[in-house]
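Q: Sharing a structure below in structure tokens format, with a few things to ask.
The values are calculated or read from the model by the stated rules, or taken from the named source; none is laboratory data. All values reported here derive from a predicted model rather than from experimental measurement. We place every Cβ from the backbone using ideal geometry, glycine too, and count neighbours over all the protein chains shown. Accessible surface is based on the protein model in full, side chains and every heavy atom, while ligands, DNA and RNA are left aside. Shrake-Rupley method; radii C 1.70, N 1.55, O 1.52, S 1.80 Å.
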Amino acid sequence: MLQDPVLHDPAPSTPNDVDVAVVGAGPSGLMIANLLGAQGLRVTVFEAGPQLLDYPRGVGMDDETLRTFQNAGLVDAVLPHTVPHQLLVFVDARQRDLARLAPPQAEFGWPRRNGFVQPLADRVLLDGLSRFPAVEVRWSSRVTGFTQDVTGVSLSVEAPGGENRVRASYVVGADGGSSATRKALGLSFEGTTATSNWFVIDIRNDPLGRPGAYVCADPRRPYVSIGLPHGIRRFEFMLKPQEAEELAMTDEFVTRLIEPLVPATARVDIIRKRVYTHHSRIASRFRSGRVLVIGDAAHVMPVWQGQGYNSGIRDSLNLSWKLAMVIRGLASDHILDSYESERREHVRAMVDLSTWVGRAVSVTNPVVAGLRNAFFRSLSAIPKAKAYIVTMRFKPMPLITKGALTTVGSVSVPSPVGRLFIQPTVSTRTAASVRLDDAIGPWFALIAWNNNPREILDDDARRRLARTGVRLVTARPAVQLPWEDSGEDGADDEVLIVGDLDGSLKRWFDGHPDSVLLLRPDRIVGGASPAYAASSMVRAFDAAVGAPDPGQPAPHAPEHSTTTPLPAI
Ligand SMILES: Cc1cc2nc3c(=O)[nH]c(=O)nc-3n(C[C@H](O)[C@H](O)[C@H](O)COP(=O)(O)OP(=O)(O)OC[C@H]3O[C@@H](n4cnc5c(N)ncnc54)[C@H](O)[C@@H]3O)c2cc1C
């Protein structure tokens, strides 16, 4: 059992073995290890199991997660395991549509709904770590205890060769829904557990072959049928109270369940199967001193919006750059509190939505099911309501009102600060067509429409941005790209010029009087202002993250170029 951590004065200080110890090699732990590794940090991932989990789990990846894989340099490796723009249809017992989700938009650079196979995406994340010499994964290594003090955390790890002691500056508990890290911190996990279990089966050589995801709200037995990459079909069936796990795992029971969908004569190759219970729970806190919890360790939700996996990836991205800044001495430790204040409300909205959809799907009373069906049909008859559902405008998007950001200087109403910035395809002087994030790099960027940021910022603001490693970017219509306006010889290595290829950036700035944006590594707008107020905005952002005085050198200068593309795996 992990020990209750108590902050106390450290023993005579020795340098910590690693900057960050990650507990758990699930998708949340592996993603944060990649993002921290890309920042040159020393990271060890401890995984209790001997290898990656091979359960039938996440099947829906959203646009924000694909953008995070892009940030981690792994999107090309994961795309082959996805079905872009996967249709999701809720149908009644007679296969008639109740709701159809097919969002056409890709404003963040990627399709909003993508089918995927979690064990294959997890493998991509694991392989990605081989790019970083300072990142290590230790298998069959269960973290059994830790104590923390003012300079770090001492972990006890049970491994095949015996118990090890490891000292880390910070610990990220990514150890899943029954997280021992969360329990050791004494955090409660409040919420509810659904009364019915679900039986989840992955089959190869898909006997149906359709590409979409179908949720059949049949009150006799609700089920899910999803076409996945590589000829895989996912079935999920609601179990009745008397159907115990031992019964569900028998071949006869599986045959009986899928026979109405796949004739008994058809070949059925089961890859993996598992009984699963849906929980809706959130930890009382996400941080205690130098230990933070992410992913399922911090929150669990029913699968109906496919947001358990995606929420863990959001946590990893939100926390990774803050840890990197603190460890490099670019921000004060209090910025880590903003991980919880920025993530909790969004997670709560996802848990509530997923729980509500789950209750609607799992109705077993035929009269209630009839009323539900009538309600959804009447919504579909109203064009505006139908469009709202089809385009998934009901999906809660991150909107951060309190955290590592500033509204000082922002004059747009509503302010773009705290919202995710768009990702159009742009051009640069060296690339005819490139996604914005790939052009500007995975770290901070200051983007000014029409202006050269170097010319509109004062010396102090420029020094602050240079210390943090912020990329200076000017955005302008693509036709203006060849205009050599900067420096005596027309060259300005300090400023990246991006060309607005399809008008998306101009449309965005047309809608916002703030013409200068400070983009955080998670692509949330951290500050915004008209050109005349950009320097004050930069200073206010520094104050919000507790950046040291710009006259002082950062204790740990960035060890690598934050704009260099990461190596492919
Ligand atoms: C049937 C099903 C369908 C789903 N569908 C979707 C979907 O469509 N979309 C979606 O977004 N999400 C979905 N999810 C949820 C998603 O799978 C999880 O949210 C996700 O795997 C959580 O990742 P994680 O890294 O936080 O935790 P986990 O994947 O649970 O990983 C935790 C890891 O920590 C390790 N560990 C535990 N304790 C210790 C310890 N003391 N020391 C060291 N290691 C330890 C475990 O062995 C494990 O490897 C689904 C889940 C299920 C079951």
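Q: Which condition breaks for Thr195 when tested against (1) under 18 Å from Val357 (Cβ atoms); (2) touching a strand residue (DSSP E or B) at 6+ places or on another chain (Cβ under 8 Å)?
A: Exception for Thr195: condition (2).
Q: Filter region 321-351 down to the residues that are within 14 Å of the ligand (Cβ to nearest atom) and under 20 Å from Ala72 (Cβ atoms) and list them by number.
A: The answer is Arg343, and nothing else.
Q: Would it be correct to say that Phe116 is in contact with a His (Cβ under 6 Å, 6 or more places away or on another chain) and within 12 Å of the ligand (Cβ to nearest atom)?
A: yes
Q: I'd like to know if region 347-363 contains one or more residues that are within 18 Å of Val300 (Cβ to Cβ), more than 15 Å from the chain's Cα centre (by Cα) and in a loop (DSSP other than H, G, I, E, B).
A: yes
Q: Still on this structure: Is region 417-425 home to any residue that is more than 24 Å from Lys322 (Cα to Cα), β-branched (Val, Ile, Thr) and without any contact (Cβ under 8 Å) to a residue 40 or more places away in the chain? Outline the logic, then answer.
A: So in region 417-425, the residues more than 24 Å from Lys322 (Cα to Cα) come out as 424-425.
Subset that is β-branched (Val, Ile, Thr): 425.
Adding the requirement that they be without any contact (Cβ under 8 Å) to a residue 40 or more places away in the chain leaves none.
No, region 417-425 contains no residue that is more than 24 Å from Lys322 (Cα to Cα), β-branched (Val, Ile, Thr) and without any contact (Cβ under 8 Å) to a residue 40 or more places away in the chain.
Q: Another question, then. Could you check region 424-539 for helices (runs of 4 or more DSSP H) lying wholly inside it with 3 or more residues that are among the hydrophobic types (A, V, I, L, M, F, W, C)?
A: On the way: elements: 436-440, 453-456, 459-468, 504-510.
Once the helices (runs of 4 or more DSSP H) in region 424-539 are filtered for at least 3 residues that are among the hydrophobic types (A, V, I, L, M, F, W, C), what remains is 436-440, 459-468, 504-510.
Q: So which pairs qualify, if the first residue must be in region 499-515 and of a type in the set (D, E, K, R), the second must be open to solvent by less than 80 Å² (accessible area, probe 1.4 Å) and assigned to a loop (DSSP other than H, G, I, E, B), the Cβ gap must be under 6 Å, and the two must be at least 6 apart or on different chains?
A: From region 499-515, the pairs are Asp514/Ser410; Asp514/Ser412.
Q: Exactly one of (1) open to solvent by 20 Å² or more (accessible area, probe 1.4 Å); (2) away from the ligand (no atom under 13 Å from the Cβ); (3) of a type outside the set (Phe, Trp, Tyr); (4) closer than 28 Å to Val300 by Cβ is unmet by Val137. Its number?
A: It fails just one condition, (2).
Q: Could you please let me know if Arg131 is within 13 Å of the ligand (Cβ to nearest atom) and open to solvent by 30 Å² or more (accessible area, probe 1.4 Å)?
A: Details: within 13 Å of the ligand (Cβ to nearest atom): no; open to solvent by 30 Å² or more (accessible area, probe 1.4 Å): yes.
Judged against the criteria, Arg131 is not a match.
Q: Pairs please, first residue from region 383-408 and open to solvent by 40 Å² or more (accessible area, probe 1.4 Å), second anywhere and among the polar types (S, T, N, Q) and assigned to a helix (DSSP H, G or I), Cβ atoms under 8 Å, 6+ apart in sequence or on different chains.
A: From residues that are open to solvent by 40 Å² or more (accessible area, probe 1.4 Å), the pairs are Lys386/Ser380; Lys402/Ser338; Lys402/Ser341; Val408/Ser536.
Q: Return a yes/no flag: does region 153-163 have any residue that is open to solvent by less than 10 Å² (accessible area, probe 1.4 Å) and within 26 Å of Gly358 (Cβ to Cβ).
A: No, every residue in region 153-163 fails to be open to solvent by less than 10 Å² (accessible area, probe 1.4 Å) and within 26 Å of Gly358 (Cβ to Cβ).
Q: Spot the failing condition for Val45; the list is (1) in contact with a helix residue (DSSP H, G or I) (Cβ under 8 Å, 6 or more places away or on another chain); (2) open to solvent by 10 Å² or more (accessible area, probe 1.4 Å); (3) within 15 Å of the ligand (Cβ to nearest atom), and only one is missed.
A: Only one criterion is unmet by Val45, namely (2).
Q: Continuing with the same structure: Would you pick out the residues in region 257-283 that are at pLDDT 90 or above, open to solvent by 70 Å² or more (accessible area, probe 1.4 Å) and over 19 Å from Thr364 (Cα atoms)?
A: Those that are at pLDDT 90 or above, open to solvent by 70 Å² or more (accessible area, probe 1.4 Å) and over 19 Å from Thr364 (Cα atoms): Glu259, Arg274.
Q: Among the residues of region 226-269, which ones are in a strand (DSSP E or B), under 25 Å from Phe90 (Cα atoms) and touching a residue at least 40 places away in the same chain (Cβ under 8 Å)?
A: Of all residues in region 226-269, those in a strand (DSSP E or B) come to 226-228, 232-238, 269.
Still in the running and under 25 Å from Phe90 (Cα atoms): 226-228, 232-238.
Matches in region 226-269: Ile226, Gly227, Leu228, Ile232, Arg234, Glu236, Met238.
Q: Then there is this: Scan region 284-300 for residues that are open to solvent by 10 Å² or more (accessible area, probe 1.4 Å) and not in a helix (DSSP H, G or I) and jot them down. Walk me through it before giving the result.
A: We begin by selecting, within region 284-300, every residue open to solvent by 10 Å² or more (accessible area, probe 1.4 Å); these are 284-285, 287-290, 296, 300.
Ser284, Arg285, Arg287, Ser288, Gly289, Arg290, Val300, listed by residue number.
Q: Go over the candidates Leu35, Leu87, Leu66, Leu125 one by one and state the one that is touching a Pro at 6+ places or on another chain (Cβ under 9 Å), of a type in the set (A, V, I, L, M) and open to solvent by 40 Å² or more (accessible area, probe 1.4 Å).
A: On the way: Leu35 fails: open to solvent by 40 Å² or more (accessible area, probe 1.4 Å); Leu66 fails: open to solvent by 40 Å² or more (accessible area, probe 1.4 Å); Leu125 fails: open to solvent by 40 Å² or more (accessible area, probe 1.4 Å).
Answer to the check: Leu87.
Q: Determine the pairs where a residue that is open to solvent by less than 40 Å² (accessible area, probe 1.4 Å), located within region 98-122, has a partner that is charged (D, E, K, R) and in a loop (DSSP other than H, G, I, E, B) with Cβ atoms under 7 Å apart, the partner being 6 or more residues away or on another chain.
A: Leu98/Asp92; Pro103/Arg112; Gln118/Arg57; Pro119/Asp54
Q: Of all residues in region 208-231 being touching a Gly at 6+ places or on another chain (Cβ under 8 Å) and open to solvent by less than 30 Å² (accessible area, probe 1.4 Å), which is farthest from Val367 (Cα to Cα)?
A: Pro229
Q: Whether any residue in region 52-65 is touching a Leu at 6+ places or on another chain (Cβ under 8 Å), within 12 Å of the ligand (Cβ to nearest atom) and farther than 20 Å from Arg210 by Cβ is what I want to check.
A: yes
Q: Please name all residue pairs, on different chains or six or more residues apart, with Cβ atoms under 7 Å, provided the first residue is in region 307-330 and is more than 20 Å from Arg67 (Cβ to Cβ) and the second residue is among the polar types (S, T, N, Q).
A: Final answer for the pair search is Ile327/Ser169; Leu330/Thr468.
Q: A further question on this structure: Quick one: Ser169 ticks every box in (1) away from the ligand (no atom under 16 Å from the Cβ); (2) out of contact with any helix residue (DSSP H, G or I) (no Cβ under 8 Å at 6 or more places or on another chain); (3) farther than 30 Å from Leu98 by Cβ bar one, so which box is it?
A: Of everything listed in (1) away from the ligand (no atom under 16 Å from the Cβ); (2) out of contact with any helix residue (DSSP H, G or I) (no Cβ under 8 Å at 6 or more places or on another chain); (3) farther than 30 Å from Leu98 by Cβ, Ser169 misses just condition (2).
Q: Which numbered condition trips up Phe376, out of (1) touching a strand residue (DSSP E or B) at 6+ places or on another chain (Cβ under 7 Å); (2) under 30 Å from Phe237 (Cα atoms); (3) of a type outside the set (A, V, I, L, M); (4) part of a loop (DSSP other than H, G, I, E, B)?
A: (4)
Q: Being in contact with a Leu (Cβ under 8 Å, 6 or more places away or on another chain), buried (at least 23 other Cβ atoms within 10 Å of the Cβ), of a type outside the set (Lys, Arg) and within 22 Å of Asp122 (Cα to Cα), is that true of even one residue in region 320-335?
A: Within region 320-335, one or more residues are in contact with a Leu (Cβ under 8 Å, 6 or more places away or on another chain), buried (at least 23 other Cβ atoms within 10 Å of the Cβ), of a type outside the set (Lys, Arg) and within 22 Å of Asp122 (Cα to Cα).
Q: Please determine, by comparing only the residues of region 172-207 that are acidic (Asp, Glu) and near the ligand (Cβ under 10 Å from one of its atoms), which one is surrounded by the most Cβ atoms within 10 Å (Cβ to Cβ).
A: Among residues in region 172-207 that are acidic (Asp, Glu) and near the ligand (Cβ under 10 Å from one of its atoms), the one surrounded by the most Cβ atoms within 10 Å (Cβ to Cβ) is Asp175.
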